[in-house]
Amino acid sequence: MKSIAMKDVIEILRSVGAIVGPDHFVGTSGRHFDTYVNKDMLFPHTSAVAQVGEMFALKYKDRNIDVVVAPALGGIILSQWTAHSLSKFTGREVLGVYTEKDAAKNQIFTRGYDAFVQGKRILVIEDLATTGGSIEKTVMSVKKAGGIIEAICVMVNKDPELVNSKDLGVPIDSLAEFKVVSYEAANCPLCKKGVLINTHVGHGKKFLEEQKVDKSL
């Protein structure tokens, strides 16, 4: 496997088959698009995930980070690997914790993890960013827990025009940008053309099931 300096995140994702398309996909946010970055194809490859964790860590090794925080589910894995690499690079323990969705779809600390955040310098990371919603919710929970946001970074920013420091109100960076044009379901040109929704990758199956429920009401 190439060294970190020679292999970027997009190369890694392509090498494990994590970039899929063109097709008709539905994301976690409910938005539709023709190219899917399937992060779940990355996580079984621990060597590749370790490289991504090192990339995050190298970017912030001089920022005196105490705790890495990420939203579940994919962020759990990245927070652990990033904290592990930061610990190696800095010679001190850097913790990795995560937030989870509650019934209202907020990202909150459970399991007592807020105690590890209070008064600590925090690096918030995320796997993919389409709208920035999960990042915002995670940042809110970190601040509520008394954490000090040192930096925010996503593995891949899929829409830098929508997910950026100006619009989110917080400084945000990424390891890579991979522009994927997305649409609200009501304005999706793929839907209007009658392109079938992929039900094997992403949230297409759930979207179609919800559509059936709505039509039956």
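From most to least packed by mean Cβ count within 10 Å, the peptides 89-97, 68-76 give 68-76, 89-97. Projected label points at residue 40 and residue 199, each 7 Å from Cα along the beta carbon direction, are separated by 1.5 nanometres.
Taken over the stretch 142-190, the ratio of Cα radius of gyration to 2.2 N^0.38 Å equals 1.45.
Each peptide in 117-126, 172-181 gets a packing score, the mean of other Cβ atoms within 10 Å over its residues, and the list from highest to lowest is 117-126, 172-181.
Summed over qualifying helices (DSSP H, 4 residues or more, each -39500 (n - 2.57)) and divided by its residue number, the chain shows a 222 nm mean residue ellipticity of -10000 deg cm²/dmol.
With a cut-off of 11 Å between beta carbons, the residues surrounding residue 152 carry a summed charge of -4, where Lys and Arg count +1 and Asp and Glu -1. The long axis of helix 46-60 is offset from the longest Cα principal axis of the chain by roughly 60 degrees. Tell me the volume per residue, in Å³, of the convex hull enclosing the alpha carbons of the stretch 9-205. Residue-normalised Cα hull volume stands at 117 Å³.
The C-alpha atoms of the chain define a longest principal axis, and helix 204-216 lies at about 50 degrees to it. Placing +1 on the Cβ of every Lys and Arg and -1 on the Cβ of every Asp and Glu, with nothing else charged, gives the chain a dipole about its Cα centre of roughly 140 debye.
Under Stokes-Einstein, with the Kirkwood radius over Cα pairs as Rh, the value for the stretch 91-217 at 25 °C and 0.890 mPa s is 145 µm²/s. Report, for the chain, the % of DSSP beta bridges that are antiparallel, rounded to 5. The antiparallel proportion sits near 25 percent. Alpha-carbon geometry of the stretch 1-78: the Rg and the Dmax are 14.2, 43 Å, given in that order. Between the Cα long axis of helix 133-144 and the first principal axis of the chain there is an angle of about 30°, rounded to the nearest 10. Taking a point 7 angstrom from the Cα of residue 118 along the C-beta vector, which residues in the stretch 59-78 have backbone N less than 11 Å away? In the stretch 59-78, the label zone of residue 118 (backbone N under 11 Å from the point 7 Å along Cα→Cβ) covers no residue. Put simply, when 9-16, 81-88 are sorted by average Cβ atoms within 10 angstrom per residue, most first, you get 81-88, 9-16.
A short reminder: the numbers here are calculations on the coordinates, not readings from a lab. Since the model is a prediction, treat every value here as computed from it, not as a measurement. For neighbour counting, all protein chains shown are included, and Cβ atoms are generated from backbone atoms with ideal geometry for every residue, glycine included.
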